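Here the structure is laid out as structure tokens; the discussion comes afterwards.
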Amino acid sequence: MQEIERRRLLQGIAAAGTIGLAGCGGGGGNGDGSSDGNGGTGGDGGGTGDTQTANGGGSGSSPIQITLRERDDPMAAYAPAFNEGHDDIEVKASIQPPEEKYRSLISEINAGNAPEVVGLDVIYLPRFVELGALADLGPLYNEMGHDDYFDPLFPDFTTWNDTIHGLPFWIDCSVYVYNKAHFEEAGLDPESPPETFQEFLDASRAIKENTDYTPLALNLAGSGSLGLELFFFMPHVWAGGGKLFNEEMTESLIDQQPAIDALKFFKTMYEEDLSTDPTSNDTWTLPPFINQSTSMAFSAGYISHIADQAPEVWENMGTAMFPKPEGGTQSSFLGGNAVVIPEQIKQQSPEKFEAAKEFIRWSQSEDGMRTTVEDIGYLPPRQSGLETDYVEEQSHLYDEFTRAMEQGHAPPMHPKIIQMQDPLNGALARALLGEQTPEEALSQAKSEIDSILQQG
């Protein structure tokens, strides 16, 4: 790994700040110790410093100790869950907010003392692979032989340059939640949530005209919400067959009709006061839904906390995939973390490398995935992870998440994807605020993203 490249990555992460959460997953705080579940976008700050959790270890000889680096407090639950069934390995969970996590990870790699296992935000996978920082996990994947991973997770959560460097760890996906009681009050069918752009607009208008609620809690393009433009906007583009850039990663396609149509949909929502301010710097959309000031909210897979915070909302809640244009296919953004092992662990300590691989085996097992769903609140990478009594009991909510996992898209994967968020975010804001037409704003975004792609 060349030193100049290390420094550039560190500088890029420092400059990105919370942008690094963009692509994927993580709860983030709501100011009440809870998590919002907006896909970790714009403020994935569940961790409040570096906390350590340890449990397990058998009697007699000391267990091999390894560290799991993660980015949200709930992920600390992986350590005791794993340790309970392993006497010879003890996992300690090191939880750091993302902006600190990736800075410290680079420093630790440079110093030769990286953590043995890392939950890596999937958008960082290409960059860390390019720097030679991640071990090849292809043999481990082949050895496990699981054949029920959700298709959209491969290869983007796992592979770069034809080599598997990670496996899907925990997943979130973008959907919307809605209050069935509000729908009934507005004269809408609570069992048939809107599926198209036009249906969504019509339902929102009915809520505005017949109730005292704001139809939708939405954030899309505030300066504090970098990442939501991928998590919430891109599924509406994918639904119309659009893309952020071409397969060769040489040209942006964000100025094409599917993106224009999606932006016009959101512009109508904003101009008719059918949503909260999508350009607000407040990144969290679930609080107004939880306090019932809105009837719907764009959100992610992390919703279980609503049952504790607002049981009356939980009892009346439905979930649905994002709307689509006529003739399109509903889609979702699949975010979250891949589980990886730094290459230096493989080189420095075969014993700890084997222990780290055992943790990954467990994370992909029934017990590991149950921990992901029931204890942590996110979605598992394999279909069998959703075939549990817990999920069956909440099938009216999780069925839509299962469909989103099947029809969704992993983040647009490029080593410089974080740099592309700012041009897109700015374009959405300018169009929504009326400073440019959707066509003009997205044309400018394309030009700026093209420049990033051409930098190589």
Under 5 Å between amide hydrogens, which residues at least 5 positions from Ile164 or on another chain qualify, with H placed 1.01 Å from N in the peptide plane? Leu137, Gly138
Nearest 5 is fine: what % of DSSP beta bridges in the chain come out antiparallel, could you say? 65 percent
Output ³J(HN,Hα) for the range 178-185: one whole-Hz value per residue in order, computed from phi by the Karplus curve 6.51 cos²θ - 1.76 cosθ + 1.60 with θ = phi - 60°, and x for Gly and Pro. 9, 9, 5, 5, 5, 4, 4, 4
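What whole-number value in Å² describes the accessible area per residue of the range 235-280 for a 1.4 Å probe? Let's see the in-between values first.
Numbers: 1830 Å² over 46 residues.
Each residue of the range 235-280 exposes 40 Å² on average to a 1.4 Å probe.
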The rounded separation in angstrom of the Cα centers of the range 267-321 and the range 364-396 is 23 Å
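In what sequence, largest accessible area first, do Asp87, Asp308, Asp189 appear using a 1.4 Å probe?
So the residues, ranked largest to smallest area, are Asp308, Asp87, Asp189.
Using the crude model of +1 on Lys and Arg Cβ and -1 on Asp and Glu Cβ, and no other charge, please compute the dipole size for the range 349-456 relative to its Cα centre, in debye to 20.
Working: 9 positive and 20 negative charges, 110 e Å.
The calculation lands at about 520 debye.
As a quick test, which of the pairs Lys243/Lys346; Lys267/Lys416; Lys324/Lys416; Lys92/Lys446; Lys180/Lys264 have an alpha carbon distance above 32 angstrom in this structure? Spell out each step's value before the answer.
Details: Lys243/Lys346 37 Å; Lys267/Lys416 28 Å; Lys324/Lys416 28 Å; Lys92/Lys446 44 Å; Lys180/Lys264 27 Å.
As for pairs spanning more than 32 Å Cα to Cα, those are Lys243/Lys346; Lys92/Lys446.
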Using the alpha-carbon centroid of each, what span in Å lies between the range 62-137 and the range 432-456? 36 Å
Among Gly187, Asn210, Met234, the residue whose Cα sits farthest towards the positive end of the charge dipole of the range 185-238, when +1 is placed on the Cβ of each Lys and Arg and -1 on the Cβ of each Asp and Glu, is Met234
Rounded to a whole number, what % of the accessible area of the chain do carbon and sulfur atoms account for, probe 1.4 Å? 42 percent
Using modelled backbone amide H atoms (1.01 Å from N, in-plane), which distant-in-sequence or interchain residues come within less than 5 Å of Ile64's amide H? Ile89, Glu90
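The values are calculated or read from the model by the stated rules, or taken from the named source; none is laboratory data. Quick caveat: nothing in here was measured; it's all calculated off a predicted structure. Reconstructed Cβ throughout: ideal geometry from the backbone, glycine too, with neighbour counts over all protein chains shown. With ligands, DNA and RNA removed, areas are computed over all heavy atoms of the protein, side chains included. Shrake-Rupley method; radii C 1.70, N 1.55, O 1.52, S 1.80 Å.
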